[in-house]
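The values are calculated or read from the model by the stated rules, or taken from the named source; none is laboratory data. Nothing here was measured: the structure is a model prediction, and the numbers come from that model. Using ideal geometry, Cβ is built from the backbone for each residue, glycine included, and neighbour counts are taken over all protein chains shown. Heads up: the accessible areas ignore ligands, DNA and RNA and are worked out on the full protein's heavy atoms, side chains in. Shrake-Rupley method; radii C 1.70, N 1.55, O 1.52, S 1.80 Å.
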Amino acid sequence: MAEEQRAATYQPQEVEEKWYKIWEENGYFSSEINADGEPFCIVMPPPNVTGQLHMGHALDQTLQDVLTRWRRMQGRRTLWLPGTDHAGIATQAKVEEALAKEGISKYDIGREAFLERTWEWKDTYHARITKQVRKLGCSCDWEKERFTLDEGCSRAVREVFCELYDKGLIYRGSYIVNWCSHCQTTISDIEVEHKDHEGHLWHLRYPYTDGSGYIVVATTRPETIPGDTAVAVNPNDPRYADKIGKTVTIPVNGRELPIIADEYCDMEFGTGAVKITPCHDPNDFDIGQRHKLEQLNVIGRDGKMNEAAGKYAGMTTAECREAIIKDFTDMGMLEKITEINHSVGECYRCGTVVEPLVSPQWFVKMLPLAKPAIDKVNDGTIRFVPERFTKTYIGWMENIRDWCISRQLWWGHRIPVWYCADCGETIVAKDDPTCCPKCGGAHLDQDPDVLDTWFSSGLWPFSTLGWPDQTQLLKDFYPTSVLVTGYDIIFFWVARMIFSGLEQMDEHPFDDVFIHGIVRDELGRKMSKSLGNGVDPLEIIAQYGADSLRFMLMTGIAPGNDTRFKPERLEGARNFLNKLFNATRFALMNLEDYEEGRYPLQLTLADKWILERLRITAIGVNENMEKYELGEAARMIYDFSWDEFCDWYVEIAKARLYRGTPEERHTAQTVLATVLSHIMELLHPFTPFVTEDLWQKLPHNGETIMLAKYPNGVGMDAYEEEAQQMQQIMDCIRAIRNIRAEMGVQLGKKADVIFAAEPQLLDLVKTGESYIMSLASAASVTLEAAGFAAPAQSAKAHVRGIDIFLPLAGVIDIDKEIARIEKEIAACDADIARLSGKLNNESFIGKAPAAVVEKERNRLKECEDKRVSLVEHLQLFK
RNA sequence: GGGCGUAUAGCUCAGCGGAAGAGCGCUUGACUCACAUUCAAGAGGCCGUUGGUUCGACACCAACUACGCCCACCA
């Protein structure tokens, strides 16, 4: 790249590294900054230490950083607390995979060595992740970084476990749970993904024991037959009314089953008779409880039939299914097979079909916890943004079932429960006990299981602030201000934090929950490993810089909606930042001799206009930020910076910078520098690096833009009238440019321009003369009284009371001009028809606000004037 | 079976109870002394369908259609 061109192109890589280091070293991310300010706190959703960050993280973290930087610049005492999650199943699976590559299993090395390996893994990925977060520019307080498995969080987990146990909210029991035979652990209900499968419904004959024929049951899972302990029918089903109380015999193993009556049975479905397998189906489990049926566990944790399955023992469930169907067929007991589309539960991690089975596990009793968690959202204490997610949350919370929290893993918080080998006592304790409090025995075995990862994640808003200790940090920042996360983990995480926070702290964990969508690929597909369509944020940062990535992610998004990752949009963001870079370069070239306050300011119309537009923009940006409409805020800054400041103001300022008096030049320099640095400040939360770099080069007060005051429009002089006047001049310039372009008069060629209007408007034109000269490339500007007769062979435009003539003898194409004018007239006609229709409507006059009516009247008059003016001009050519 | 979302320019998407917006793409012109990662001008929309509320609806309400998502104990 040529040196010259390079100088005109922003090089993000050169500045990003530098500024992050300076910020971090100077402690600007610390919550001690703005120590007297009102606290503002976000706890970062901790990324899993399983791998690297993806685009979803980049979106999530950018949103948080924008909010944090904005609040910090407002003077709030901000704490954005970073951290990582140990992610039990996911991380353990990764390490097991790594071991498998070495040809060993976790059992070969044992629990302790395995955990050592996992901690090493954690260290590696933790380092990688935090580096990525830094690359992205996140202003989190690294001094306070936490990990879900660190000493403090572990203490919090034990504390909560013991408290809930003491209150009877945690219990151990043998209930039906979801078992993943691949991950070799239980998973909670929400970790089961239901997918539709085409399957078969086997209609099987179970003969009555008394020899009086048979009953036909329909099942999708014949392999569970060895575990049947009843057949159920609906008590109101006339078909079976006289069969209730009888027994049937399972043909393939000769066991006898009672026929019971239960409302659960749907008379419309299948045959209306259901085989009941309490140990391997959640519904059947409930029925079994109701009728005190025997529990017969026939499927083992390895996904194979166990001894209780008799002759089928040792088979996989699939093999068993086949064998049983064959046996029924051979015995003539298969009535028929029908097709059925039904949903099958799969493990969310590995996709293995989940096996429901009964096993002793630890549970959290949800009903008492859900109640306040629902209330605090319903009463507005916790607010979801967008609001619609409230319904999602409430709906789930109202139908919640007890939460199975024990996992048969090694990586995680070990359940703080010990069993006395001597007397069988169960000891639940915060601190490791040395002997049994009941019998004094020293043979204690700790429960081998660990807790669900989300158990510790649920404590994140307070465990990270120091709880269970009553730290100052906790007092200052709990409840936190806002939680920023994707809609995909409302149940997994948000809900758990809410009930855990309310239970332990007696106070809600955050005021707002700001929900965002997911980042999809260019085609709108979810980014995933299997599709290989993921985009690595680090690669994008290397290519375009973190600021471009951030800006792209922040624009064109609406709260709660998904967004697509489009490379073109990345280029747009890069171009915008390059634009600002060049605008700053231009300013700096013209600020070499600048000295603040050297002359009194002589603000021109354009100066007042751009200052007013800045004021309005600043107000709008803050309003949108308050509503979490970050995309809208970013768009406002973009439009103002590019369209108004760069394309208009900078061009206008050139005349005074190059040829003005020292006073004029000084004023232009001042406004240029002021507006530009305010643009940097407004934009800083979105694109922190480039704005800091450019702001530093411009005249500024303070050591970092991070701590500059965020522009909010308050205290700025208002110039509403001047802004409107300037808009009119700009419209005139656009009209002239339009004529020139349509007539093929290139901007390189100067053209004479004649304005005709009432004196007041002529004054305005006079004021804007220099802008017209330069921006419309006029050779001369002549002012004439209203009603001035058009010179021969001229083109004409009309802008709100101002007639504009371009004498173009020899250049003008009469046909083109006629066509152009006719098009304009047609547009006027359409407007006139609409407006007069409205104004002739008495209801409109009577019921619409007076200001609206007045506005429409003015508009109509303008349209009519314009039409008259243009029609008059058209006559000249006919 | 419930719940939710989306439907606006060729594409991707913002937006809004009082004259349809952006980016990209397209057309035409310009290497104009910050920037060709640029500048200027322009073409391009019954704002999914049908009703309703309203002086006024692209926006609010209802129904419908299409697509997508979430939840659910569909043997």
Take every Cα pair under 8 Å in chain A that's 6+ residues apart, average their separations, divide by the length, and report that relative contact order as a whole percent. 12 percent
Classify the range A:75-189 as rounded, prolate or oblate from the Cα gyration tensor: take a ≥ b ≥ c as the square roots of its eigenvalues, call it rounded if a/c is under 1.5, otherwise prolate when a/b beats b/c and oblate if not. oblate
per DSSP, antiparallel bridges as share of beta bridges in chain A, % nearest 5, sits at 70 percent
Once you list every other residue whose beta carbon is under 11 Å from the beta carbon of A:A100, what net charge do they have if Lys and Arg are +1 and Asp and Glu are -1? -1
Return the long-range amide H neighbours of A:V484 (sequence gap of 5 or more, or a different chain), with a cut-off of under 5 Å between placed amide H atoms. A:F514
Accessible area per residue for chain A in Å², computed with a 1.4 Å probe and the full protein assembly in place, what is it? 43 Å²
Could you work out the relative contact order of the range A:204-284? I mean the mean sequence separation of Cα pairs under 8 Å and 6+ apart, divided by the number of residues, in percent. 38 percent
I need the shape label for chain A. Rule: rounded when a/c is under 1.5, else prolate if a/b > b/c, else oblate, with a, b, c from the alpha carbon gyration tensor. prolate
So what's the range A:337-426 giving for Cα Rg divided by 2.2 N^0.38 Å, two decimals? 1.58
Could you calculate the FRET efficiency of A:S174 with A:E38 from 1/(1 + (r/R0)^6), where r is the beta carbon distance between them and R0 is 51 Å, rounded to 0.05? 0.50
Using only the Cα atoms of the range A:17-67, build the gyration tensor, take square roots of its eigenvalues as a ≥ b ≥ c, and label the shape rounded, prolate or oblate: rounded if a/c is under 1.5, else prolate if a/b is larger than b/c, else oblate. oblate
Between helix A:688-697 and chain A, what is the angle of the helix's C-alpha long axis to the longest principal axis, kept within 0 to 90° and rounded to the nearest 10? 30 degrees
Amide H of A:I405 versus every other amide H placed in the peptide plane: which residues, excluding those fewer than 5 positions away on the same chain, fall under 5 Å? A:W362, A:F363, A:V364
So what's the net charge close to A:R635: Lys and Arg +1, Asp and Glu -1, counting the other residues with Cβ under 12 Å from its Cβ? -4
With contacts defined as alpha carbon pairs under 8 Å and 6 or more residues apart, what's the relative contact order of the range A:639-790 in percent? 18 percent
Starting from the Cα of A:E822, step 7 Å along the direction of its Cβ; do the same at A:S105; then give the gap between the two resulting points in nm. 8.7 nm
At the level of C-alpha centres, the distance separating the range A:246-270 and the range A:37-60, in angstrom, is 53 Å
With r defined as the distance between the Cβ atoms of A:K311 and A:T209 and R0 fixed at 22 Å, what FRET efficiency is calculated, to the nearest 0.05? 0.60
For labels at A:E387 and A:A127 in the simple 7 Å Cα→Cβ model, what's the distance in nm? 5.0 nm
Over all directions, average the projected area of the Cα convex hull of the range A:767-849 and note it in nm². 8.3 nm²
Distance between the C-alpha centers of the range A:121-184 and the range A:573-589? Whole Å please. 44 Å
Inter-centroid distance (Cα atoms) of the range A:812-878 relative to the range A:768-785, Å: 26 Å
Under a point spin-label approximation (7 Å from Cα along Cα-to-Cβ), what is the A:D242-A:K766 distance to one decimal in nm? 11.3 nm
Okay, which of the range A:171-204 sit inside 18 Å, backbone N to the point 7 Å along the Cα-Cβ direction of A:D445? A:172-174
Extension gain A:Q793-A:Q543, at 0.36 nm per residue separation less the Cα-Cα distance, in nm? 84.6 nm
Rounded percent of accessible protein surface that carbon and sulfur make up, chain A, 1.4 Å probe: 49 percent
Using only the Cα atoms of the range A:668-785, each taken as one equal point scatterer with no solvent, compute I(q) by the Debye sum, divide by I(0), and report log10 of the ratio at q = 0.22 Å⁻¹. -1.10
For helix A:850-876, what angle does its Cα long axis make with the longest principal axis of chain A, in degrees from 0 to 90 and rounded to 10? 50 degrees
Around A:L603 (Cβ within 15 Å, Cβ-to-Cβ, excluding A:L603; K/R +1, D/E -1) the net charge comes to -3
Nearest 10, in degrees from 0 to 90: the angle of helix A:151-166 to the longest Cα principal axis of chain A is 50 degrees
Run the helix sum for chain A: -39,500 (n - 2.57) per DSSP H stretch of 4+ residues, divided by residue count, reported at 222 nm to the nearest 500 deg cm²/dmol. -14000 deg cm²/dmol
